[in-house]
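Report on the structure given below.
The values are calculated or read from the model by the stated rules, or taken from the named source; none is laboratory data. Because the structure is a prediction, the values reported are computed rather than measured. Counting neighbours? That spans all protein chains shown, and the Cβs are built from the backbone with ideal geometry, glycine included. Only protein heavy atoms, including side chains, enter the accessible area calculation; ligands, DNA and RNA are left aside. Shrake-Rupley method; radii C 1.70, N 1.55, O 1.52, S 1.80 Å.
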Amino acid sequence: MNSKFLPLSILAVILFSTLSFAQLDTSNGRYYAPIFSNVTTSSNVVFGSYISFGLQTNLTMDIYQPTGDMATMRPLIVLAHGGSFQFGDKNEADIVSMCQTFAKMGYVTCSINYRTGFFPIDSVNATQAVLKATQDMKAAVRFFRKDAATANTYKIHPDYVYVGGSSAGAFMALHLAYMDQPSEFPLGLATLTSLGGLEGTSGNPGYPSNASAVINLCGALGDAAYLQAGDVPFVSMHGNADATVPYAHAIIVSLGYSVMYVDGSSSIHARALSVGVNNPFYT
């Protein structure tokens with residue numbers, strides 16, 4: 001996905017519409033127009049870790065803040081790159097572009113790395129890969145809420161946390177928000193427990209990992225039925241000729257392998273409408 005085709009002003013308006021004017025200063029274009037000229041980046045910030053082949057491996061993110069901003073409670077956007085859960089990095093151009101653009105609007109933003117790579121490429125391993133990556137995104141959300149409650153280095157508002165991403169990153173954000181019951185995990189409770197549960201063990205336990213809204217750029221859910229009345233809103237953009245992530249209900253293909261059926265953006269849009277969840281959709 002090329003970031004120059006993303007109407008970021010639309011995404012900003014969606015996020016802006018969820019802000020409480022009584023708690024956040026939205027004057028002079030803050031949070032929906034670029035009001036800062038420069039962005040300050042903190043690179044390779046460690047937000048968690050995992051065990052791989054007996055060794056502990058750190059999870060890192062790059063954090064983007066508007067240079068010179070004096071606000072002390074700012075909404076946060078956690079973003080993740082694509083790559084079929086096999087490859088990719090927090091430096092992917094589309095995610096970096098979004099982080100910088102939203103930071104110029106006054107948001108604190110970050111691009112996270114997460115666990116990638118699985119073999120063989122089948123439905124079981126793909127499902128586990130989605131869960132592990134989603135657990136890592138939850139650890140990133142918890143990192144910022146922990147910081148807000150302690151050192152307050154990044155001056156985020158813990159009640160206004162948004163998650164999103166492109167392709168695999170959008171999978172993660174959607175599953176963070178909507179696969180919120182252990183019974184929804186398709187491989188069963190025993191497997192879920194062995195993998196650390198829905199929250200995982202990637203770091204920063206004891207802090208909430210929920211989000212206020214989701215940015216879904218060509219992502220999908222394992223099952224649109226995860227969406228229930230009362231769930232948080234989301235905004236979706238998806239091409240109807242996407243050859244990687246299905247636009248509707250279809251088999252997803254990873255590195256040439258047919259993996260499993262998923263519900264793409266048009267399917268989750270229809271489900272959300274049926275249960276009353278606000279979800280602007282752009283094809």
**Asked** Quick one: Karplus J couplings for the range 210-218, per residue in order, coefficients 6.51, -1.76, 1.60, θ = phi - 60°, nearest Hz, x for Gly and Pro?
**Response** 6, 10, 8, 6, 10, 9, 10, 10, 6
**Prompt:** What percent of all Cα-Cα pairs in the range 157-220 falls in each 10 Å bin, counting up from 0?
**Reply:** 21, 46, 32, 2
**Complete:** What the Cα atoms of the range 128-237 span along the principal axes, largest first and in whole Å, is 39, 34, 25
**Request:** Please work out the FRET efficiency for the pair Leu273 and Thr244, using the Cβ-Cβ distance as r and a Förster radius of 22 Å; give the result to the nearest 0.05.
**Result:** 0.35
**Request:** Can you tell me the alpha carbon radius of gyration of the range 185-283 divided by the globular rule-of-thumb value 2.2 N^0.38 Å?
**Result:** 1.19
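If packing is taken as the mean number of other Cβ atoms within 10 Å per residue, what is the order of 108-117, 59-68, highest first?
108-117, 59-68
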**Asked** Whole-Hz Karplus ³J(HN,Hα) for the range 153-166, in order, using 6.51 cos²θ - 1.76 cosθ + 1.60 and θ = phi - 60°, x for Gly and Pro?
**Response** 5, 9, 6, 9, 8, x, 8, 10, 10, 10, 10, x, x, 10
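Counting heavy atoms of the protein chains only and a 1.4 Å probe, report the per residue accessible area for the chain as a whole number of Å².
On the way: 11630 Å² over 283 residues.
With the other protein chains kept in place, the chain gives 41 Å² per residue.
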**Complete:** Stokes-Einstein D for the range 108-189 (10 °C, 1.306 mPa s, Kirkwood Rh from Cα pairs), in µm²/s, comes to 114 µm²/s
**Prompt:** Which aspartates and glutamates does Lys146 reach when only Cα atoms under 14 Å apart count, and residues fewer than 8 places away in its own chain are ignored?
**Reply:** Asp159
**Prompt:** Just one of (i) 49, 43, 33; (ii) 51, 46, 43; (iii) 61, 44, 40 is Cα extents along the principal axes in Å calculated from these coordinates, so which is it?
**Reply:** (i)
**Cα→Cβ-extended label distance, 7 Å offset, between Met73 and Glu184, nm** = 2.8 nm
